[in-house]
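Engineer: Okay, here's the structure, questions in a sec.
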Amino acid sequence: MGNKQITVTSPLLPNLEEFQDLLKEIWSRKWITNNGSFHHKLEEALADYLKVPYVSLFTNGTLPLITALQALRITGEVITTPYSFVATTHALWWNGIKPVFVDIDPKTGNINPDCIEAAITPKTTAIMPVHVYGKPCDTERIQAIADKYGLKIIYDAAHAFGVEVSGESILNAGDMSTLSFHATKVYNTIEGGAMVMHDEKTKRRIDYLKNFGFAGETEVVAPGINSKLDEIRSAYGLLNLRQVDQAIEARHQVAVAYRNALRDVPGVTFFDDMPGVRHNYSYFPIFIDAEKYGMTRDELYFKMRDNNVLGRRYFYPLISEFTTYRGLPSSVPENLPNAHCMANSVICLPMHHALIDEDIKRVIEQIRK
Ligand SMILES: *Cc1c(COP(=O)(O)O)cnc(C)c1O
């Protein structure tokens, strides 16, 4: 018979009948992409929900990173973290920019501001941090460094949907922030993403850039790309926005259950909530100290898999270990000790809105042995 497979994530899906009603509207309008009515509504609704001034929708979460670098004319070297999803660094590579990796803070998994200044050279033009697992970076310290050296900041906020610090959106930090609405994320439009910016002029420029650079019927103002979100996924996104708070609260309850059950397990550590932060519970990483736990991370990971509990070694390997990047001077492991340590000990536990008590119990049993 075997146990039901518990997956690491499960997509938040809109109600099918409600989605069909919106599809009928699209069919009757016969306007299926290019800044349609649902696209417009979703941009407004997201700006409102996220408490940010301007949102520009994209067709995934990688293209806003690439486009932000283009819009800010970033060149040369950019300081970034190796502890992220590969898209962060790929966006630099696609722009002909040299990534410079610096180590992370083991307390958060985010780029360590203490390491940034030593990595700055005359070619440095920007910093690209990531709010890993939706935990806010030290945005004030990063901004102070950027101001001192005249650098831009682009936050890869793919994990940070709805995250707030003292009631303010984390997405308002830096020059721009980017989001991913991929199926695996807290909020999804199947594939999709967005850029958050502070002023109307930048919003207009980004809207041109994601539509080949078209500023009018016959005017192309820049070598743009095509990254428009269509009406069908915009409608889907409008419906999902209505239930995302409920989904985040369900994830919160899963996190509470995991923490209560795992706090006394020797060799297992995890993050607690940060004071004053509205978290989104996008991931639940645990870190295995093999000596204290009596089993290596990989042994536990494969044991869980054999028992149909699917975790994910997210982020392992580090971006700096992939063939494209491992030859870079900053990729040497001695430069990134904390990132290596975290990558070698992490397992993200199943975390989504649809986990039931029995699933949570089975996950916990795997780790408590
Ligand atoms: C998911 C993700 C991306 C890429 O988003 P896509 O929508 O899949 O293109 C970029 N950065 C990070 C940190 C991510 O987790």
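The values are calculated or read from the model by the stated rules, or taken from the named source; none is laboratory data. Note that this is a predicted model, so its numbers are computed, not measured. Here the Cβ positions follow ideal geometry from the backbone for every residue, glycine too, while neighbour counts run over all protein chains shown. The area values use the complete protein model at the heavy-atom level, side chains included, leaving out ligands, DNA and RNA. Shrake-Rupley method; radii C 1.70, N 1.55, O 1.52, S 1.80 Å.
Engineer: Name the most mobile residue of Met304, Met195, Met176, meaning the one with the largest mean-square fluctuation, in a Gaussian network model of the chain with Cα contacts below 10 Å.
Structural biologist: Met304
Engineer: Still on this model: Extension gain Ala144-Tyr314, at 0.36 nm per residue separation less the Cα-Cα distance, in nm?
Structural biologist: Full extension of this stretch gives 58.2 nm more.
Engineer: Shifting gears a bit: Using a probe radius of 1.4 Å on heavy atoms only, what accessible surface per residue do you get for segment 248-369? Whole Å² is fine.
Structural biologist: Here the per-residue accessible area is 47 Å².
Engineer: Roll a 1.4 angstrom probe over the protein heavy atoms and tell me the percent of accessible area of segment 319-369 that is carbon or sulfur.
Structural biologist: Numbers: 1280 of 2440 Å².
For segment 319-369, the apolar C and S fraction of the accessible surface comes to 53 percent.
Engineer: Restricting to bridges with both residues inside the chain, how much of the DSSP beta-bridge set is antiparallel, in percent to the nearest 5?
Structural biologist: Working: 24 of 39 bridges.
Percentage antiparallel, nearest 5: 60.
Engineer: While we're looking at this one, here's another question. With the full set of protein chains in place, find how many percent of the accessible area of segment 32-145 is carbon and sulfur; take the probe as 1.4 Å.
Structural biologist: 54 percent
Engineer: How do 288-297, 321-330 rank on mean C-beta neighbours within 10 Å, highest first? Present the calculation step by step, with values, prior to reporting the outcome.
Structural biologist: Numbers: 288-297: 16.0, 321-330: 13.5.
Ranking the peptides 288-297, 321-330 by packing returns 288-297, 321-330.
Engineer: A follow-up question, please. Mind listing the long-range amide H neighbours of Thr124? Cut-off is under 5 Å, sequence gap 5 or more, other chains count too, H placed in the peptide plane at 1.01 Å from N.
Structural biologist: Residues meeting the amide H criterion: Glu77.
Engineer: Right, another one. Extension gain Lys98-Arg368, at 0.36 nm per residue separation less the Cα-Cα distance, in nm? Mind showing how you got there, number by number?
Structural biologist: Details: separation 270, 0.36 × 270 = 97.20 nm, distance 4.34 nm.
Computed gain between Lys98 and Arg368 is 92.9 nm.
Engineer: Put +1 on the Cβ of every Lys and Arg and -1 on every Asp and Glu Cβ in the chain; which of Ser84, Asn307, Leu336 then has its Cα farthest towards the positive end of the dipole?
Structural biologist: Asn307
Engineer: Okay, moving on. Dipole of segment 102-212, Cα-centred, from +1 at each Lys and Arg C-beta and -1 at each Asp and Glu C-beta, to the nearest 20 debye?
Structural biologist: Working: 12 positive and 15 negative charges, 75 e Å.
For this selection, approximately 360 debye.
Engineer: Right, something else. More than 34 Å apart: what percent of Cα pairs in the chain qualify?
Structural biologist: Working: 19367 of 67896 pairs.
For the chain, the share of Cα pairs beyond 34 Å comes to 29 percent.
Engineer: Which residue fluctuates the most in the chain, going by a Gaussian network model with Cα springs under 10 Å, if the choices are Ser84, Ser28, Ser234?
Structural biologist: Among Ser84, Ser28, Ser234, the largest GNM mean-square fluctuation belongs to Ser28.
Engineer: Under unit Cβ charges (Lys, Arg +1; Asp, Glu -1), what dipole magnitude, rounded to 20 debye, does the chain have relative to its Cα centre?
Structural biologist: 500 debye
Engineer: For each pair in Lys41/Lys185; Lys107/Lys148; Lys107/Lys292; Lys107/Lys228; Lys41/Lys203; Lys107/Lys201, compute the distance between the two Cα atoms and list the pairs where it is over 27 Å.
Structural biologist: Lys107/Lys228; Lys107/Lys201
Engineer: Another question about this same structure. Roughly how many nanometres apart are two label points built 7 Å out from the Cα toward the Cβ at Leu328 and Leu23?
Structural biologist: In this crude spin-label approximation the distance works out to 4.2 nm.
Engineer: Would you look at the GNM of the chain, springs on alpha carbons closer than 10 Å, and say which of Leu16, Leu50, Leu229 moves the most?
Structural biologist: Answer for the Gaussian network model of the chain: Leu16.
Engineer: Quick check: residue separation of Val221 and Thr75 times 0.36 nm, minus the Cα distance between them. What number comes out in nm?
Structural biologist: Details: separation 146, 0.36 × 146 = 52.56 nm, distance 2.00 nm.
Once the chain is fully extended between Val221 and Thr75, it gains 50.6 nm.
Engineer: Give the aspartates and glutamates reachable from Lys210 as a straight Cα distance under 20 Å; neighbours fewer than 8 places away on the same chain don't count.
Structural biologist: Within the straight-line cut-off, Lys210 pairs with Glu43, Glu44, Asp156, Asp175, Glu191, Asp199, Glu200, Glu219, Asp230, Glu231.
Engineer: Hey, another quick one. Using a Förster radius of 22 Å, what is the FRET efficiency between Lys361 and Lys292 based on their Cβ-Cβ separation? Nearest 0.05, please.
Structural biologist: Calculated transfer efficiency: 0.40.
Engineer: So, with a 1.4 angstrom probe, what is the percent of accessible area on segment 153-211 that is carbon and sulfur?
Structural biologist: Working: 870 of 1730 Å².
In segment 153-211, the share of accessible area belonging to carbon and sulfur is 50 percent.
Engineer: Averaged per residue, what accessible area in Å² does segment 15-73 show with a 1.4 Å probe, protein chains only?
Structural biologist: With the other protein chains kept in place, segment 15-73 gives 55 Å² per residue.
Engineer: Which distance in nm do the two modelled labels at His40 and Glu249 give, with both placed 7 Å along the Cα-to-Cβ direction?
Structural biologist: Here the answer is 3.3 nm between the modelled labels.
Engineer: Ok, one more. How large is ³J(HN,Hα), in whole Hz, for each residue of segment 281-287 in order, when computed from phi with the Karplus curve 6.51 cos²θ - 1.76 cosθ + 1.60 and θ = phi - 60°, using x for Gly and Pro?
Structural biologist: Each residue's phi maps through the Karplus curve to give 6, 5, 9, 10, x, 10, 10 Hz.
Engineer: Counting only heavy atoms of the protein chains, get the accessible area per residue of segment 173-217 (1.4 Å probe) and round it to a whole Å² value.
Structural biologist: On a per-residue basis, 38 Å².
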